[in-house]
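Report on the structure given below.
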Amino acid sequence: MPLKSTIDNYKGYLGISPKASDFEEYWKESVEDMNKTDFTYTLEKKEFPMKNIEVFDLYFKGMNNERVHCELVKPKDIKDKIPAIMSFHGYTSNADSIYSKVPYAYNDMAFLAFEVPGQGGKSEDNYTADGPTLYGQIIRGVDDKDKKKLFFRNIYLNALKASIILSNMDFIDENRIGTTGKSQGGALSLVVAALNKKIKSSAVIYPFLSDFKKIFEMNMCEDVYVEFKNWFRKYDTMHEKEDEFFERLSYIDVQNFADKVNCNVLFITALLDTTCPPITQFAIYNKLKCSKDLKVYCEYTHERLPYSDDIIYEFFKNEL
């Protein structure tokens, strides 16, 4: 299908997943809960061969008192306050290579890479909630009586907390901070931008965690969303709790945060993506009320997109 026809099909699509009636209050209270936690952190310097660059492991206590890890890369000599980029990795992955962050540091920007607890990095996972945990993190807490026990609620709040820690560093210009990431990382970039109004810009690639009910309707639960299918197969074979299931997940559905983003957004998508179907991404994009720019890769899937890193770098260089 030609590019124009494909995108025209997505115009105006706003998702079919629900939004809980108390969504706003839920997140207002959640941010208040986060603000009551300890914001102290530690920095552990790492050996690094490149001159004029410093690299640190940063640790802080998360929402469940877990030890959350980030990697900080910055210029060695800083005269004035500098802008910063905060990145988030894909589902199950980690902060990736230090060297991908070096170009930012060499151009007088700090770079903080956040690692999600319980995935491929160094962040601890000591989270407990009622319900299954075997098949994935998206559904963790979906069966708990306390709706604040959703695992991804804590991930979002830990990511938000890390962005505030970054903005409070004495060498960072708190008004020049950007967020970025691919897949799960794109989702976290947008959620942090929605909850932290000081974020100036966000560059996202094929964001994950959007329009969960559409994913299920499209029968695309064989890959990263397999936990949805397995939850129904094992715990709700007749779908008697389907509405309740998707309403609970609506608290972490990224499309429901989109209208709260007020920074400039660079949105990159791939039209053949079968992991994060483009229509679920457009449920986010179409709800963004901020300044936004869409880049579309027509013949690409959920994969590394050529020149996307360069596009994002130039975006932040101009924005920050």
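Considering all alpha-carbon pairs of region 106-163, what whole percent are spaced by more than 14 angstrom? Please list the in-between numbers first.
On the way: 985 of 1653 pairs.
Here the long-distance tail beyond 14 Å is 60 percent of all Cα pairs in region 106-163.
Take the solvent-accessible surface of the protein heavy atoms, probe 1.4 Å, and return the percent of it on region 169-320 that carbon and sulfur atoms account for.
Details: 2700 of 6020 Å².
Of the solvent-accessible surface of region 169-320, carbon and sulfur hold 45 percent.
Using θ = phi - 60° in the Karplus curve 6.51 cos²θ - 1.76 cosθ + 1.60, the 3J(HN,Hα) couplings for region 203-216 round to 10, 10, 10, 5, x, 8, 6, 10, 6, 4, 5, 5, 4, 5 Hz; x is entered for Gly and Pro. Among the listed pairs LYS79/LYS317; LYS51/LYS197; LYS61/LYS295; LYS241/LYS295, those with a Cα-Cα distance over 29 Å are LYS51/LYS197; LYS61/LYS295; LYS241/LYS295. With the convex hull drawn over the C-alpha atoms of region 1-138, the volume per residue is 225 Å³.
Among DSSP bridges having both ends in region 1-138, what percentage is antiparallel? Round to the nearest 5.
Values: 19 of 24 bridges.
Given both bridge residues lie in region 1-138, the antiparallel proportion sits at roughly 80 percent.
Taking the 1.4 Å solvent-accessible surface of region 1-152 as the whole, the part contributed by carbon and sulfur is 49%.
Shape summary of region 14-87, radius of gyration then Dmax from alpha carbon positions: 18.2, 53 Å. With a cut-off of 8 Å between alpha carbons and a minimum separation of six or more residues, what is the relative contact order of the chain in percent? Contact order relative to length: 17 percent. Our coupling estimate for region 88-99, obtained by passing each phi through the Karplus curve with A = 6.51, B = -1.76, C = 1.60 and θ = phi - 60°, is 9, 8, x, 4, 6, 8, 8, 6, 6, 6, 4, 5 Hz, Gly and Pro reported as x.
Determine the distance separating the Cα centre of region 118-162 from the Cα centre of region 228-286; give it in Å without decimals. Computed from Cα coordinates, the inter-centre distance equals 17 Å.
Sort 79-91, 211-223 by the packing proxy (mean of other Cβ within 10 Å over each peptide's residues), most packed first. Show your work: numbers first, answer last.
Numbers: 79-91: 20.8, 211-223: 16.8.
Highest mean packing first, the order is 79-91, 211-223.
Along each principal axis, taking the top coordinate minus the bottom one, the Cα set of region 253-294 gives 29, 21, 11 Å in descending order. When the Cα positions of SER100, TYR156, PHE114 are compared along the charge dipole of the chain, SER100 comes out farthest toward the positive end, with charges on each C-beta of Lys, Arg, Asp and Glu.
Excluding ligands, DNA and RNA, what is the solvent-accessible area per residue of the chain at a probe of 1.4 Å, expressed in Å²?
On the way: 14050 Å² over 320 residues.
Ligands and nucleic acids excluded, the figure is 44 Å² per residue.
For region 219-320, the spread of Cα positions along the three principal axes, ordered from largest to smallest, is 52, 30, 17 Å.
Binning the alpha carbon pair distances of the chain at 20 angstrom intervals from zero yields the distribution 34, 58, 8, 0, expressed in whole percent.
Diffusion of region 54-118 by Stokes-Einstein, at 20 °C in a medium of 1.002 mPa s and with Rh set to the Kirkwood radius over alpha-carbon pairs, works out to 171 µm²/s. Axis angle, to the nearest 10 degrees, between helix 308-319 and the longest C-alpha principal axis of the chain: 60 degrees.
With K and R counted +1 and D and E -1, the other residues having a Cβ less than 12 Å from that of THR37 yield a net charge of -1. Cα centroids of region 45-89 and region 196-215: how far apart, whole angstrom? Cα centres, region 45-89 to region 196-215: 23 Å.
The Cα atoms of region 137-237 cover 54, 30, 16 Å along the three principal axes, with the biggest extent listed first.
Take every DSSP beta bridge whose two residues both sit in the chain; close to 40 percent of them are antiparallel. Close amide H partners of ILE82, meaning residues 5 or more places away or on another chain with modelled amide H under 5 Å apart, are ILE172, ASP173.
The values are calculated or read from the model by the stated rules, or taken from the named source; none is laboratory data. Bear in mind that the values here come from a model prediction, so they are computed numbers and not experimental data. Cβ coordinates were reconstructed from backbone atoms using ideal geometry, including for glycine residues, and neighbour counts include every protein chain displayed. Areas reflect the complete protein model, heavy atoms only, side chains present, ligands, DNA and RNA absent. Shrake-Rupley method; radii C 1.70, N 1.55, O 1.52, S 1.80 Å.
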